[in-house]
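The values are calculated or read from the model by the stated rules, or taken from the named source; none is laboratory data. All of these numbers come straight from a predicted model, not from anything done at the bench. Backbone-built Cβ (ideal geometry, glycine too); neighbour counts: all protein chains shown. Note: accessible area is taken over every heavy atom of the protein model, side chains too, but ligands, DNA and RNA are not part of it. Shrake-Rupley method; radii C 1.70, N 1.55, O 1.52, S 1.80 Å.
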Amino acid sequence: MTEKELTPDEVIDELGGCGRFQWRINVIAHLMKTIICFSITGLIFISATPKWRCVDNNVCTNDTFMKYSNDSDSFCPPKTCTIGNNSCQNIQFEDGLKTMVTDFELVCDRDFIPSTTQSIQISGALVGNLISGQLGELFGRKRPFFFAIVITMIFNVAGFFANNWILYAVCRFFMGLGEGFFMTIKYALLSEFSLANWRAWIIGFPSWPIQSCLLALCAWLIKDWRYLQLMTAALGIPCLVAWWWIPESFRWHVAHDRQDVAEGIIQHVAKVNKKTLTSTKNVLRKPETEKKDKKHSVLDLFGSRKLIVVSLLSALNWVALGLVSYGISFGIQSLSGNIFFNLFLFSLVAIPSKGIAVWLQNRFGRRQTAVICFITVAVGGFGVGGVQTADAPHKDMLTNIFALIANIGISTAWGPVQTMTIEMYPTVIRTIGFGTLSVCGRVAGMAGPQLVYLDSYYPGIMYHVIGAIGVLCALGSLKLPETMDKDLSDKIVKVNKVSPSPQRKNIIRLQ
């Protein structure tokens with residue numbers, strides 16, 4: 001490396017761009033996400049309601065329950081909360097699947113509790129996104145990242161011992177908190193060690209759907225919600241070893257004028273990538289800014305007219321990610337067919353969707369890819385809504401097909417939306433921006449399970465909402481700046497535009 005001052009992106013390029021170090025931390029981080037995926041997606045099974053009947057009538061034995069499981073005119077009609085004029089006192093669930101619903105008898109006048117628990121978990125993620133964004137700017141990326149694993153492990157174990165739904169809902173809140181911390185920090189940490197042409201792959205790699213497929217298999221084998229949680233907690237043990245493999249972001253140190261610490265991390269990366277650096281002293285160019293280094297806050301996301309437009313339109317996209325993703329995910333419980341197979345299928349189609357998203361981004365850019373994805377969401381949403389509202393022939397099959405289309409659209413949309421969020425904000429407010437916009441997604445996500453609950457009484461309403469928000473986001477995305485092939489900025493500067501110059505490709509300059 002020559003003794004000239006370099007920007008952080010030029011330093012990464014000198015270190016090999018995408019070398020052994022980058023491969024290592026990316027593989028480790030995506031593997032670590034398994035405990036987060038299992039904790040969050042596992043609630044689809046944990047809150048599921050198996051077939052059940054009231055057995056106050058003496059004729060209703062377990063044999064008649066199984067014999068007449070599909071006969072609403074039998075002595076044991078399914079999902080009946082009253083016998084004559086009396087409320088049911090004894091509930092019998094179909095054998096096979098043990099969930100929080102079966103343990104705490106969350107049916108009849110308590111049937112709102114599973115969807116409420118789902119919303120409580122999302123509210124925890126909301127708080128995690130908000131707090132971790134600020135902590136990521138104040139204390140770096142590494143500590144909040146590993147804190148997420150610790151808190152997720154602790155409350156999976158605590159949930160295993162929960163003896164009532166209220167205590168379990170509290171555990172779910174903190175599991176959501178862990179997810180919020182992890183997802184906010186992860187992409188910022190990985191992207192800050194990578195060049196522009198690799199960020200779409202880093203963010204778009206389909207680790208979550210792959211892990212969801214594995215979860216569906218594990219849940220099918222275990223069939224007991226408590227042991228599913230215990231298994232999830234155990235996954236966190238090897239994750240803690242990664243503390244010695246993942247360093248702090250050197251860009252964060254650079255952005256906070258700690259060049260000496262950043263140079264030590266660069267030497268470590270060079271060693272892993274087998275690059276020879278004679279000296280890194282004074283090699284890092286300090287990011288240009290007219291202001292003295294300061295502590296930043298969410299207010300910096302709205303520091304100019306340009307930033308206001310970008311932040312508001314991005315927030316709309318994140319609202320769609322939260323509402324549609326959680327709505328469809330927890331709506332799997334209501335689809336026809338086997339719940340384990342349905343989750344496996346919906347997760348399976350998301351795997352190639354992530355690869356398609358990366359290809360589309362590299363071919364057409366982040367913005368156009370987001371537009372295509374949200375149009376797909378709208379088609380699937382209005383398709384299910386129309387089928388459900390019109391009570392069309394082959395309703396169950398058509399509902400599953402159009403829901404699958406909407407799921408493909410939203411699964412694909414995560415890649416470009418998250419990538420644009422990372423690339424539009426400079427290092428000093430990157431985790432604040434990502435965390436704040438994630439909060440918008442969590443707020444909308446809290447409405448997802450409630451829409452599923454409402455959809456059970458008014459079929460089609462949830463998917464009409466999904467279709468409408470898909471249209472709005474497709475239109476809004478057209479107004480966002482294109483960020484493909486732009487290097488990450490590190491500090492807020494006065495230039496209020498995306499620099500088009502190939503010679504100055506280092507900054508998306510927003511104030």
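The table below gives the values:
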{"read-out": "Extension gain from residue 364 to residue 167, taking 0.36 nm per residue of separation minus the Cα-Cα distance", "value": "66.1 nm"}
{"read-out": "Förster-model FRET efficiency, 51 Å R0, residue 244 and residue 112, C-beta, rounded to 0.05", "value": "0.65"}
{"read-out": "Neighbour net charge for residue 413 - beta-carbon separation under 13 angstrom, K R +1, D E -1", "value": "+3"}
{"read-out": "Region 137-217, accessible surface, carbon-and-sulfur percent (1.4 angstrom probe)", "value": "82 percent"}
{"read-out": "Full-extension gain in nm, residue 95 to residue 51, via 0.36 nm per residue minus C-alpha separation", "value": "15.0 nm"}
{"read-out": "Formal net charge of residues neighbouring residue 360 (Cβ-Cβ distance under 12 Å; K, R +1; D, E -1)", "value": "+4"}
{"read-out": "Average projected area [Cα convex hull, region 385-435], square nanometres", "value": "4.5 nm²"}
{"read-out": "Using alpha carbons only: equivalent-ellipsoid semi-axes of region 408-486, gyration tensor based, whole Å", "value": "29, 15, 9"}
{"read-out": "Relative contact order for region 355-439, counting Cα pairs under 8 Å that sit 6 or more residues apart, in percent", "value": "35 percent"}
{"read-out": "Accessible area in square angstrom per residue, region 130-244, 1.4 angstrom probe", "value": "38 Å²"}
{"read-out": "Where region 387-435 is the region considered: accessible area per residue in Å², 1.4 Å probe", "value": "28 Å²"}
{"read-out": "Entries of 33/142; 33/354; 223/354; 33/271 with Cα pairs more than 24 Å apart", "value": "223/354; 33/271"}
{"read-out": "Paramagnetic reach from residue 379 (point 7 Å along Cα→Cβ, amide N under 20 Å) across region 393-410", "value": "397-410"}
{"read-out": "Difference of contour (0.36 nm per residue) and Cα-Cα distance, residue 349 to residue 237", "value": "37.3 nm"}
{"read-out": "Mean separation of Cα contacts under 8 Å, 6 or more apart, over the residue count of region 153-227: relative contact order %", "value": "31 percent"}
{"read-out": "Surface share of carbon and sulfur [accessible, 1.4 angstrom probe, percent] for region 309-437", "value": "71 percent"}
